[in-house]
Amino acid sequence: MTPILLALCQSALAQGIIIDVPGSADIPMAVPKPQLPATEPAALAEEIWSVVFHDLEFSGYFEMQNPSGYVEKGKGVEPGQFDMNAWTLIKTTVLVKTRVYPAGHAACDPGGSKMCADVYVYYVPGSQKLASKRFRSTAEGARQLGHAIANQVLLATTGSPGVFGSRLAAVGTKTGNKEIYLMDLDGHGVTPVTRNGAINLSPAWSPDGSQIAWTSYKKANPDLYVKDLGTGRTRTISNVKGVNTSPDFSPDGTKLALARSVEGDSDVFLVDARTGTEIRRLTSGGGIDVSPDFVPGGADIVFASERSGGSQIYRMPVGGGEATRLTFAGDFNVDPVVSPDGTKVAYVSRSPSGFDVLVADLETKNVTRITQDMGDNEDPTWSPDSKYVVFSSTRTGRSELWISTADGRHQSRLTESGGWTQPAWAPAAP
Amino acid sequence: MWLVALSLAACRHNAHTDPSALRADPFAAGTLEVPGAAGSATASLSPEVRAALEANFARVHFATDSALLDPEARAALAANAAILLDHRDVRVEVQGHADERGTVDYNLALGQRRGRVVIDELVARGVGPARLALVSYGEERPLVAGGGESVWAENRRAEFRLLTGPQGVHGTID
């Protein structure tokens, strides 16, 4: 690290922040294996460490130093229990030390069923402890503990918590037909939302994370439903004969924007999210209008429309008013999704080599290409902190879910099997 | 009898027709071809005959991101309309399909548009709109697996299915 960048880091540290944009992956980080009581088998600590290490690598902020290059021999985690010079020597900038106590351990939950993990985050050049925290969970919660530690490290180093441990809804094909599933961001913990044997598409979360809207052919027509994940109950929202699809909840959760075809091509409608009662028809004519997405605040939507010829991205007020064209480059732009902070829109654009995910800054109009010459890349969805985009990509020869920093510089694969499409990132916990 | 034979002759896309289906004449009772009359219902046909009849309907193919009917598509639809005009008790579902390129939701809308264009053409040729249902499958039901232009061209299509069940019954049989 150059002295200038170091100085920058140190001044930023005054606000507890080393870095603020993921993607550079250039902050050297060391994450030694957890300290564990001597009599305990290492498997639990290994699992937690593995989650922490991969989450932090995945975050796009850090250059993960190879553990084989660590020179420290001691295992203390607290300040004064180890020699910081051992990390200065290998030019570590951020050091993450952890300590794990198995379920019921005397130092954590004597005689109980909880296990503990302590994390200490150090800024090595300043020999400074940035944060320390203890996490508790049941014995089954090892992976979630790891995610919580990684999020704490990101809070200490970037000023905002990480997104690890958050959930995605997505369309999967492991039963042979398309069903909706939930999964952890790292592809673990896959659980079904639908199991109806029909085609199920286009999941969207309610803002409180309690419901999922989606399109299903379970009654032989692509109709739109909402399922309450708590009660398991499903209600029908839109079932006109024709297409009922691409739902998006309003930020207050009371309305759904969707596309449906009544006579001719599909148009965008606003309906009551509880009853499906039509509130307003937002578009009419002008070719296919599809994939509405609320802009944060709820006053506007973005959507894809063919009103000018090939599909382009537009923005319009939901209270009525003119649509404004947002995209001009390319002859086929679809599936816009606005970042939760309202500053950017991700969308899908046709290119000579396939389909790519692009991100446009709504203020500057600058467009960042997330993918290029990597097969078909579709279905972008934003992280709750607006720093990452998850999307589907066929670059491995099968459709899988990938995560990218919003600048496209750092990308990782989430899934370890094919047939995954249409991810929808769960909203941040209230 | 001649009805089935005629419709088979009118169609070049009947590779899977089982000859035995021709002998199992669904129209032997002679109750057909009275416009508006409740003749023998589609649902009463044997599966083999149904499959044979269904196979008579030609697929229609489309160019990329297009729902325009080219001369070949119009000819196929003329033949399909002739079958429907001959068999007035038959209801069909027109299924609109897209290739895998583009997003799922856009392709659902595109499949709907293709199916709509096909139905409009059939109606223009005299088929009653009540006999024509439409469902879009978007890119969800490819005819041919894989990628590449020849595969995509096969998958950009509209297909015909005979309707069964209460919706498909045009009158009742005592």
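What number goes with the only condition from (1) without any contact (Cβ under 8 Å) to a residue 40 or more places away in the chain; (2) closer than 24 Å to A:Lys255 by Cα; (3) within 11 Å of chain B (Cβ to nearest Cβ) that A:Asp335 does not pass?
Single failed check for A:Asp335: (1).
Any chance you could count how many residues in the range A:297-323 are within 14 Å of chain B (Cβ to nearest Cβ), assigned to a loop (DSSP other than H, G, I, E, B) and either surrounded by fewer than 24 Cβ atoms within 10 Å (Cβ to Cβ) or touching a Pro at 6+ places or on another chain (Cβ under 9 Å) (or both)?
Residues in the range A:297-323 being within 14 Å of chain B (Cβ to nearest Cβ), assigned to a loop (DSSP other than H, G, I, E, B) and either surrounded by fewer than 24 Cβ atoms within 10 Å (Cβ to Cβ) or touching a Pro at 6+ places or on another chain (Cβ under 9 Å) (or both): 4 in total.
Being out of contact with any Asp or Glu (no Cβ under 6 Å at 6 or more places or on another chain), within 25 Å of A:Pro340 (Cβ to Cβ) and open to solvent by less than 70 Å² (accessible area, probe 1.4 Å) is the filter here; which residues of the range A:350-367 pass it? Give the derivation first.
So in the range A:350-367, the residues out of contact with any Asp or Glu (no Cβ under 6 Å at 6 or more places or on another chain) come out as A:350-352, A:356-367.
Narrowing further to those that are within 25 Å of A:Pro340 (Cβ to Cβ): A:356-367.
Correct list: A:Asp356, A:Val357, A:Leu358, A:Val359, A:Ala360, A:Asp361, A:Leu362.
Considering only residues that are among the hydroxyl-bearing types (Ser, Thr, Tyr) and in contact with a Leu (Cβ under 7 Å, 6 or more places away or on another chain), which ones fall in the range A:123-159? So that I can check it myself, show each step before the final result.
Taking the range A:123-159 as the starting set, the residues that turn out to be among the hydroxyl-bearing types (Ser, Thr, Tyr) are A:123, A:127, A:132, A:137-138, A:157-158.
Residues satisfying the conditions are A:Tyr123, A:Ser137, A:Thr157.
Being away from chain A (no Cβ under 12 Å), outside any helix (DSSP H, G or I), more than 30 Å from A:Asp248 (Cβ to Cβ) and without any contact (Cβ under 8 Å) to a residue 60 or more places away in the chain: is that true of B:Leu68 here? Step through it out loud before you land on a result.
Numbers: away from chain A (no Cβ under 12 Å): yes; outside any helix (DSSP H, G or I): yes; more than 30 Å from A:Asp248 (Cβ to Cβ): yes; without any contact (Cβ under 8 Å) to a residue 60 or more places away in the chain: yes.
Yes; evaluated as a whole, the condition is true for this residue.
Of everything in the range B:141-161 that's buried (at least 20 other Cβ atoms within 10 Å of the Cβ) and either more than 15 Å from B:Ala63 (Cα to Cα) or of a type in the set (Ser, Thr, Tyr) (or both), which residue is farthest from the chain's Cα centre (by Cα)? It would help to see each step written out before you state the result.
Start the filter on the range B:141-161 by keeping residues that are buried (at least 20 other Cβ atoms within 10 Å of the Cβ), which leaves B:155-160.
With the extra rule that they be either more than 15 Å from B:Ala63 (Cα to Cα) or of a type in the set (Ser, Thr, Tyr) (or both), the set shrinks to B:159-160.
Working: B:Glu159: 5, B:Phe160: 2 Å.
Among those that are buried (at least 20 other Cβ atoms within 10 Å of the Cβ) and either more than 15 Å from B:Ala63 (Cα to Cα) or of a type in the set (Ser, Thr, Tyr) (or both), it is B:Glu159.
Please work out which residue is surrounded by the most Cβ atoms within 10 Å (Cβ to Cβ), limiting yourself to the range A:219-238 and to residues that are in contact (Cβ under 8 Å) with a residue 24 or more places away in the chain and within 14 Å of another protein chain (Cβ to nearest Cβ).
Filtering first and then ranking leaves A:Leu224.
Within the range A:22-135, which strands (runs of 3 or more DSSP E) (wholly inside it) include 1 or more residues that are without any contact (Cβ under 8 Å) to a residue 40 or more places away in the chain?
Where strands (runs of 3 or more DSSP E) fall fully within the range A:22-135 and carry at least 1 residues being without any contact (Cβ under 8 Å) to a residue 40 or more places away in the chain, they are A:62-64, A:114-123.
Examine the range A:373-381 for a residue that is more than 26 Å from A:Thr215 (Cα to Cα) and either at pLDDT below 95 or more than 14 Å from chain B (Cβ to nearest Cβ) (or both), and state whether such a residue exists. Break it down into steps so the answer makes sense when it comes.
Within the range A:373-381, the subset more than 26 Å from A:Thr215 (Cα to Cα) is A:373-374.
Checking which are either at pLDDT below 95 or more than 14 Å from chain B (Cβ to nearest Cβ) (or both) leaves us with A:373-374.
Yes, the conditions are met somewhere in the range A:373-381.
Does the range A:338-350 contain at least one residue that is within 14 Å of another protein chain (Cβ to nearest Cβ), of a type in the set (Ser, Thr, Tyr), touching a residue at least 24 places away in the same chain (Cβ under 8 Å) and in contact with a Phe, Trp or Tyr (Cβ under 6 Å, 6 or more places away or on another chain)?
Of all residues in the range A:338-350, those within 14 Å of another protein chain (Cβ to nearest Cβ) come to A:346-350.
This time we only want the ones that are of a type in the set (Ser, Thr, Tyr), so: A:347, A:349.
Next cut, touching a residue at least 24 places away in the same chain (Cβ under 8 Å) only: A:347.
Restricting the remaining residues to those that are in contact with a Phe, Trp or Tyr (Cβ under 6 Å, 6 or more places away or on another chain) gives none.
No: zero hits.
Can you give me the ranges of the strands (runs of 3 or more DSSP E) entirely in the range B:71-174 with at least 1 residues that are more than 12 Å from chain A (Cβ to nearest Cβ)? Can you show your working first?
Details: elements: B:92-97, B:132-138, B:157-162.
Strands (runs of 3 or more DSSP E) meeting the threshold: B:92-97, B:157-162.
Only one residue in A:Glu378, A:Glu400 is farther than 18 Å from A:Asp186 by Cβ, surrounded by 19 or more Cβ atoms within 10 Å (Cβ to Cβ), among the charged types (D, E, K, R) and under 16 Å from the mean Cα position of the chain (by Cα), so which one is that?
Working: A:Glu400 fails: farther than 18 Å from A:Asp186 by Cβ.
After ruling out the rest, the residue left standing is A:Glu378.
Looking only at residues in the range A:248-278 that are within 14 Å of chain B (Cβ to nearest Cβ) and open to solvent by 10 Å² or more (accessible area, probe 1.4 Å), which one is farthest from B:Val135 (Cα to Cα)?
A:Asp248
Name, by its number, the condition in (1) open to solvent by less than 10 Å² (accessible area, probe 1.4 Å); (2) free of Cβ contacts under 8 Å to residues at least 24 places away in the same chain; (3) more than 14 Å from chain B (Cβ to nearest Cβ); (4) not charged (D, E, K, R) that does not hold for A:Ser393.
(3)
On the given criteria, is A:Thr157 surrounded by fewer than 24 Cβ atoms within 10 Å (Cβ to Cβ) and of a type in the set (Val, Ile, Thr)? Don't jump to the end; show me each part of the working.
Numbers: surrounded by fewer than 24 Cβ atoms within 10 Å (Cβ to Cβ): no; of a type in the set (Val, Ile, Thr): yes.
No; evaluated as a whole, the condition is false for this residue.
The values are calculated or read from the model by the stated rules, or taken from the named source; none is laboratory data. Note that the structure is predicted; figures quoted are calculated from it, not measured. Every residue, glycine as well, gets a Cβ built from its backbone with ideal geometry; the counts of neighbours run over all protein chains shown. SASA here: full protein model, heavy atoms, side chains in, ligands and nucleic acids out. Shrake-Rupley method; radii C 1.70, N 1.55, O 1.52, S 1.80 Å.
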